[in-house]
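Novice: After the structure tokens below, expect a handful of questions from me.
The values are calculated or read from the model by the stated rules, or taken from the named source; none is laboratory data. Predicted model, so just to flag it, every value in this text is computed and none were measured. So basically every Cβ, Gly included, is an ideal-geometry build from the backbone, and we count neighbours across all protein chains shown.
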Amino acid sequence: MDFSELVVAQIKTPLDALCASLMAAGELDQYLFFNGVAEMMGDGTDEGAVMMGCIELGRCAFLGFHFTPDVELQVTTILDRAIELSSIMSADTLQ
């Protein structure tokens, strides 16, 4: 699996599912935030955009969003994957 496929499978697809859940629940502010991050990720080929998307995801903790337990689990899983991806991207490959 290459980098862009990893981004799509681990972050973009779950973000899209989260956005669908938020829209169905009428959580427009939350939907707009997470949809913006999903759009920022694009197709996962632009590593800079992916890193910015991962950083932007971290902001959700400070925006005062209140999540249902189901949505909280989705958000936590996406954040965990974004942290893992960020650490892979920032790892020192010159060993």
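Novice: Looking at the range 32-39, can you tell me whether even one residue there is touching an Asp or Glu at 6+ places or on another chain (Cβ under 7 Å) and at pLDDT below 95?
Specialist: No: the range 32-39 contains no residue that is touching an Asp or Glu at 6+ places or on another chain (Cβ under 7 Å) and at pLDDT below 95.
Novice: Go through the range 3-25 residue by residue and tally those that are touching a residue at least 12 places away in the same chain (Cβ under 8 Å), of a type in the set (A, V, I, L, M) and under 14 Å from Thr68 (Cα atoms).
Specialist: Number of matching residues: 3.
Novice: Output the residues belonging to the range 1-25 that are outside any helix (DSSP H, G or I) and of a type outside the set (Gly, Ala, Ser).
Specialist: Met1, Asp2
Novice: Of the numbered conditions (1) at pLDDT below 90; (2) crowded, with 16+ Cβ neighbours inside 10 Å, Ser4 satisfies every one except a single condition; which is it?
Specialist: (1)
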